[in-house]
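Inspection log for the structure reproduced underneath, given as structure tokens.
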Amino acid sequence: DGFEFQLLGSSNLSREDLKDAKDKILEIASKNPKINSARADGTEESPQLKISYDTNKALALGLNLKDIDSTLSAAWGGTYVNDYIDKTRVKRVYIQADAPFRSTPEDLYKWKVRNNNGTMTPFSEFSSFSWVYAPEELTRFNGFMSYEIQGSAAAGISSGVAMDEMDKISTSVNSNLMHAYSGASYQERLASNQSLILYSIS
């Protein structure tokens, strides 16, 4: 009885542009009398810690960018090292920083990376951090970045009419937007294109 509308971004749209288009579509759909309870699926944006490297400075200090990434990954996220045999069981070994050294953003500056001369360079020499709002997950549909919008038709309106309205809204918001349907909505659209043939066979 509802629909699953996949809003897709073309290559010349940024994720931020796609989000703005999604918000605009939801705003217009909420005022459309033929559409009921249109909403975006998934999580809202949340605060995230963004760590930025000054690449030119890091290279000038003799650092390898891969070593920077692996140090950060091991310290804060944990990294698999190897296996060892404990009696009759094989156990995996992971390394990770102790909790007091990865509890706050400022702890980043307690870490160092070995450069090509064998000396240790602190993260404070080539990196900085900031808080940003970003989506917790980046969804894709058929290879395109996407947002899923779910909704249903208003009372007395068919789901096909509601989907037609979503088509019109999407086109009116941004000509670079693409869209598709998934789940039962995709099957409904597929079947509706064959209705004349089915009626003829019947």
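The values are calculated or read from the model by the stated rules, or taken from the named source; none is laboratory data. Quantities reported herein were computed from a predicted structural model and do not represent experimental measurements. Positions of Cβ are backbone-derived with ideal geometry, glycine not excepted, and every protein chain shown enters the neighbour counts. All accessible areas refer to the heavy atoms of the entire protein, side chains included, with ligands and DNA or RNA removed. Shrake-Rupley method; radii C 1.70, N 1.55, O 1.52, S 1.80 Å.
Observations, loosely collected:
- For region 128-202, the fraction of C-alpha pairs farther apart than 15 angstrom is 70 percent.
- Here the extension length gained between Thr171 and Arg140 equals 9.2 nm, from 0.36 nm per residue of separation less the Cα-Cα distance.
- Note on Lys24 and Ser73: the model spin-label points, each 7 Å out from Cα along the C-beta direction, lie 3.8 nm apart.
- Karplus-based coupling profile of region 134-145, in residue order and whole Hz: 8, x, 6, 9, 10, 9, 9, 9, 6, x, 9, 4, with θ = phi - 60° in 6.51 cos²θ - 1.76 cosθ + 1.60 and x standing for Gly or Pro.
- Lys57 - accessible surface, heavy atoms, 1.4 Å probe, Å² rounded to 10: 90 Å²
- In sequence order, calculated HN-Hα J values of region 24-30 (Karplus, 6.51, -1.76, 1.60; Hz; x Gly/Pro): 5, 4, 5, 5, 5, 5, 5
- Student exercise, the chain dipole from Lys, Arg, Asp, Glu Cβ charges, in Debye to nearest 20: 600 debye
- Here the label points at Asp86 and Ser46, each 7 Å from Cα along the C-beta direction, are separated by 3.0 nm in the simple model.
- For the pair region 61-83 / region 86-142, the C-alpha centres are spaced 7 Å from each other.
- In range of the label at Val132: residues from region 11-27 whose backbone nitrogen is under 17 Å from the point 7 Å along Cα→Cβ: 13-20
- Using the Cβ-Cβ distance between Tyr186 and Ile95 with R0 set to 41 Å, the FRET efficiency works out to roughly 0.35.
- Mean separation of Cα contacts under 8 Å (6+ apart) over length of the chain, as relative contact order %: 40 percent
- Acute angle (nearest 10 degrees) that the helix 159-173 long axis makes with the longest principal axis of the chain, alpha-carbon atoms: 60 degrees
- Relative contact order %, region 70-130, counting alpha carbon pairs below 8 Å whose residues are six or more apart: 22 percent
- Length released on extending from Lys110 to Ile201, taking residue separation times 0.36 nm less the Cα-Cα span: 25.3 nm
- Surface calculation, 1.4 Å probe, protein heavy atoms: Tyr186 sits at approximately 110 Å² accessible.
- Ser182 accessible area, 1.4 Å probe, all protein chains in place, Å² to nearest 10: 20 Å²
- Entry for Kirkwood radius over Cα pairs in Å (calculated from the structure that is shown) out of (i) 21.4; (ii) 16.9; (iii) 17.9: (i)
- Taking a straight Cα-Cα cut-off under 29 Å and skipping sequence neighbours fewer than 8 places away in the same chain, the lysines within cross-link reach of Lys66 are Lys50, Lys57, Lys91, Lys110, Lys112.
- Taking amide H positions as modeled 1.01 Å from N, with prolines and chain starts lacking one, the residues under 5 Å from Thr139 and 5 or more places away or on another chain are Ser146.
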